[in-house]
Amino acid sequence: MLLTGLSDAAAAALAAMRVLGEFREPFSISKLEIFMTASIGISISAAGSTPDELLRDADTALYRAKIEGKARYVMFDEGMKTQVSNKLRLESDLRRSLDAGELTLHYQPEVDIKTGRILGFEALARWPQADGSFIEPAEFIPIAEETGLIVPLGAWVLETACRQMAAWRTSDRRLRHLVMGVNVSPRQLQDSDQLVEQIRRNLRRSRLRPSALRIELTESTILGDDPQMAERLHRLKELGVGVAIDDFGTGYSSLTYLTRLAPDCIKIDRSFVSDIDTHEDKAAIVGALLSLGQRLGIDVTAEGVETKAEARLLESLGCTRAQGYLFYRPLEAEAAEACLLAGLSR
Ligand code: C2E
Ligand code: CA
Ligand code: CA
């Protein structure tokens, strides 16, 4: 829409709100009620700006409106140009790095809190940069999710992690208890046929037992209002792989779904674990979760254990499984292997 004769930006915003208002009611088409939403980007022509620039800026604002959740309007400002171009650059770099096989996995051990014995690993994606640093998953996973790159990226993670775990487990019979945890995004779970097929194929190719793989899903992934979620989880469990609820306690924290979805493991989020030794409320919550897990036959892992005091308190509450910098940081494959071997010769 090209609106002329508006007095100022506020008038443009008002016009946008009127348009959005029209979309609140369903459209009636061939006796069907169709619900639609609209996203609107607004740019205001300054003296000397060309029609092309005006359209491009409106498009940038539109992109923003979609990212922010759609069904809204966003007014363009100059800062968006760099934000969008940074993001586009990151996206195309990530795509290229993925194709070029430059991504790697680090493996963080999960341990028996009492003995320190390694029970398994969590595979964590790493994006190495030319200068030897890494871009954090917190920065690139959301972009991968937004752009759909998470699907090929997730497939690569699954394949690499399965192959690695199969190699470790067959290298020594004393390592046959190890389990590999792989993080799976909501987007990957959406196409559950593809995900189930992918897992099946990788297990077959790497000759890994299903029980040696654990899929980690965050609470918010599982508890959205998607009615098919229970069915999707069921299909994963039918494969024989474990299912863990990640970042437990940060989402809706409804306890009823623990019985309904029957996960094999819950991973208590770091926010409940850090400083647990000085926060009675955290200790009470974690203690309750541990006994709940025990009753329901669900493994409970404490994430992000950083201090001895935290580990001691967790142990006193009956916690047996832990992950965190106190024990190990995420490690490159060779370093992880060295830790496994050191554990065997102890
Ligand atoms: P997450 O699944 O909760 O993974 C645990 C994160 O906590 C990791 O961060 C790990 O390095 C960090 N961590 C472990 N112990 C400690 C500790 O003692 N203290 C502190 N402060 N942090 C600790 P990382 O590797 O940066 O990954 C962040 C998130 O990115 C992960 O959270 C996960 O949600 C996501 N992610 C990583 N790799 C993948 C992947 O391959 N696929 C998907 N979909 N998501 C991934
Ligand atoms: Ca995880
Ligand atoms: Ca977590």
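Some observations on this one:
- Qualifying residue in region 232-254 (condition: away from ligand 1 (no atom under 16 Å from the Cβ), open to solvent by 10 Å² or more (accessible area, probe 1.4 Å), more than 19 Å from the chain's Cα centre (by Cα) and of a type in the set (S, T, Y)): yes
- Only residues that are under 23 Å from R329 (Cα atoms) and either open to solvent by less than 60 Å² (accessible area, probe 1.4 Å) or within 15 Å of ligand 1 (Cβ to nearest atom) (or both) were counted in region 261-299, giving 14.
- Exactly one residue out of M75, M36, M80 is modelled with pLDDT under 90 and crowded, with 17+ Cβ neighbours inside 10 Å, and it is M80.
- Counted residues, region 300-346 - those being open to solvent by 50 Å² or more (accessible area, probe 1.4 Å), under 24 Å from P137 (Cα atoms) and in a helix (DSSP H, G or I): 2
- Residue under evaluation I42, criteria (1) within 17 Å of L2 (Cβ to Cβ); (2) within 29 Å of the chain's Cα centre (by Cα); (3) free of Cβ contacts under 8 Å to residues at least 40 places away in the same chain, criterion not met: (2)
- Within region 197-209, not a single residue is open to solvent by 40 Å² or more (accessible area, probe 1.4 Å) and not charged (D, E, K, R).
- Where L88 falls short, out of the listed (1) surrounded by 13 or more Cβ atoms within 10 Å (Cβ to Cβ); (2) at pLDDT 95 or above; (3) within 18 Å of T147 (Cβ to Cβ): (2)
- Candidate set: region 79-137, residues that are within 12 Å of ligand 1 (Cβ to nearest atom), of a type outside the set (S, T, N, Q) and out of contact with any Leu (no Cβ under 9 Å at 6 or more places or on another chain); chosen: the one nearest to G318 (Cα to Cα): E122
- Cross-chain or 6+ apart pairs with Cβ under 9 Å, region 136-150 first and without any contact (Cβ under 8 Å) to a residue 24 or more places away in the chain and β-branched (V, I, T), then part of a loop (DSSP other than H, G, I, E, B) and within 16 Å of ligand 2 (Cβ to nearest atom): none
- Residue check, R176 open to solvent by 70 Å² or more (accessible area, probe 1.4 Å) and more than 28 Å from R117 (Cβ to Cβ): no
- Inter-residue pairs, beta-carbon under 6 Å, first in contact (Cβ under 8 Å) with a residue 24 or more places away in the chain and in region 180-209, second hydroxyl-bearing (S, T, Y), 6+ apart: P186/T221
The values are calculated or read from the model by the stated rules, or taken from the named source; none is laboratory data. All values reported here derive from a predicted model rather than from experimental measurement. We place every Cβ from the backbone using ideal geometry, glycine too, and count neighbours over all the protein chains shown. What goes into the accessible areas is simple: the full protein's heavy atoms, side chains included, and nothing from ligands, DNA or RNA. Shrake-Rupley method; radii C 1.70, N 1.55, O 1.52, S 1.80 Å.
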